[in-house]
RNA sequence: GUCCCCGUAGUUCAAUGGAUAGAACAGGAGACUUCUAAGCUCUUGAUGGAGGUUCGAUUCCUCCCGGGGGCACCA
């Protein structure tokens, strides 16, 4: 529809001798202004030196009656042109959504793309906190958006299993004598190791020795301890990913790419990297960035070198890739600018391909910045546990067949909504109380609306009622919103911004709830009841598809 | 010090340079008691400050104030 309107405008402007004018076509905030509006006359008037309103009238005369989908076009305000869409269009959109079902909203703007999509990538051995969930939640949603646009996704997890953090944990585990099979002992060991590293010189030296030994792999005892701890951590991570609805196509461990990375840096020392103070660095200053160390003065690879190895490993697995995305916290913005600059030089075949970093926001709590020292770290586990507890309180009269799985779905949905509702990349102030409220703008609000739609459909089916096409003269507010879904998916995908979808779905659910409050749907005596049922079914298709893109479950009963 | 991001109701968030800045929570009022009340209706309340560009600025530019992040051997 938007495309059709643009064509009309372009044709009308061309008749005025204007082409390639950058005009906007948008939905007016106030629906009484119509379904679409354009600033074409305002923009073009400037070029022509004409009166905007007079020009608008001219353009309207050009466009009037050219499309059966448009009922009326009028000039308003300083020279906006408002389009009112015909009733029949809305009814067709309802039918279209129902006919397309799961495919409704998809497009092919990324057809043919093979995308390496790295996200989640936690540090094994460090307790997972809410911040770690953000990358997974945003990454999962963006990857689903890309798939909805026709791309082939290669989901990659790149957990860190070697390096100083792991050394701190292994050292700590020796110190505490904790059980390497116990996830809590793993977390405690890291805390102890980290604290000792920062406050105790002797411990620091020992931890660095542990680090070297783990890289060298020559101390069987340390090696075994590390492996046992990592297994525990990894099991824990996989369980979390299952709950969050993520499954990876490939997992690359930092330890398996550190040699490759080191080798790549050594090979390119001289042409890409330079030696400096005993370390090997990439002189980013030459490219307007900053210098970063790739091999430290002990000759060990840093995150930088390992990321080169990581990339080499990805290429080997998926040689026909076209795009490579990495989702991480926003604090790594500048890091990736440097890394990509170096990668372009080490891997010349990346020249005609896309390398991009998708930063997520920095997460703080309403109670302040998380810090293990302050003891206010909100772990992923404890948060999900509190959420499930709240959900259980609500679900006492649930109609769900499997209550346990519903509780988990709703808890995860509440969390995901909370993270995805705001623009990706913006810092997040995580409000735990709000996440637990389950009311108003929330995951459960959308899920509940979906369950309600399902329930109505179920009731209609039981009553032997069929969906129909005989629609009332004036379209429902819900109809005037429903057809926009594909536009929203397009925009969210284009901007890697799932929050557009969240905002849209919340409004959609709200309109449905308002519709539901005043209209009886399953009603024998109402000639429009079959159409209302059609509309409900279409709305459920949109809500279900939208929730799927966010990675949130769409339960049929709650 | 320097670079990047941010500053919108009491709070947490929206708003491709457009029309009267939207929601939700919290606060106030109400309806229904018939398809799921995790719902619906009404209501109080905001663009950090000063300039500039523009027909039009929350959005772009400059400065100031405030917060966060990066800047060589962590990830």
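Points worth noting:
- Ranked packing of A:210-222, A:88-100, most packed first, by mean Cβ within 10 Å: A:88-100, A:210-222
- Tail weight of P(r) past 17 Å, computed on alpha-carbon pairs of the range A:480-523, percent: 41 percent
- In plain terms, if you count all Cα to Cα distances in the range A:363-467 and split them into 5 Å steps from zero, the share in each step is 2, 11, 18, 20, 16, 11, 9, 5, 3, 2, 1, 1, 0 percent.
- Alpha carbon centroid spacing (whole Å) that separates the range A:115-140 from the range A:290-306: 23 Å
- All C-alpha pair distances within the range A:33-86, sorted into 5 Å bins from zero, spread as 5, 24, 31, 24, 11, 5, 1 percent across the bins.
- Rg and Dmax [Cα atoms of the range A:318-370; Å; Rg one decimal, Dmax integer]: 14.7, 47
- Both radii come from the Cα set of the range A:108-181: Rg as radius of gyration, Rh as Kirkwood radius; their ratio Rg/Rh reads 1.19.
- Axis angle, to the nearest 10 degrees, between helix A:201-216 and the longest C-alpha principal axis of chain A: 80 degrees.
- Debye log10 I(q)/I(0) at q = 0.13, 0.14, 0.15, 0.22 Å⁻¹ for the range A:419-558, Cα point scatterers: -0.59, -0.67, -0.76, -1.37
- Rule-of-thumb Rg ratio for the range A:52-191 [Cα; 2.2 N^0.38 Å; N residues]: 1.95
- From the largest down, the range A:406-454 spans 36, 19, 18 angstrom on the principal axes of its Cα atoms.
- Centre separation in Å (Cα based) which lies between the range A:180-195 and the range A:333-377: 26 Å
- Two-decimal Rg to Rh for the range A:287-427 - Kirkwood Rh, Cα set: 1.11
- Principal axis box of the range A:276-340, alpha-carbon based, largest edge first, Å: 39, 24, 22
- Helix-only CD estimate at 222 nm, as mean residue ellipticity for chain A, using -39500 (n - 2.57) per DSSP H run (n ≥ 4): -17500 deg cm²/dmol
- Built from the Cα atoms of the range A:168-279, the convex hull projects on average onto 9.6 nm², one quarter of its surface area.
- Taken over the alpha carbons of chain A as equal point scatterers, the Debye sum produces base-10 log I(q)/I(0) values at 0.06, 0.07, 0.11, 0.12 Å⁻¹ of -0.40, -0.53, -1.08, -1.19.
- Share antiparallel - DSSP beta bridges, chain A, percent rounded to 5: 45 percent
Every number in this text was worked out from the coordinates using simple rules, so none of it is lab data. Predicted, not measured: the structure shown is a model, and the values here were computed from it. Note: ideal-geometry Cβ built from the backbone for every residue, glycine included; neighbour counts use all protein chains shown.
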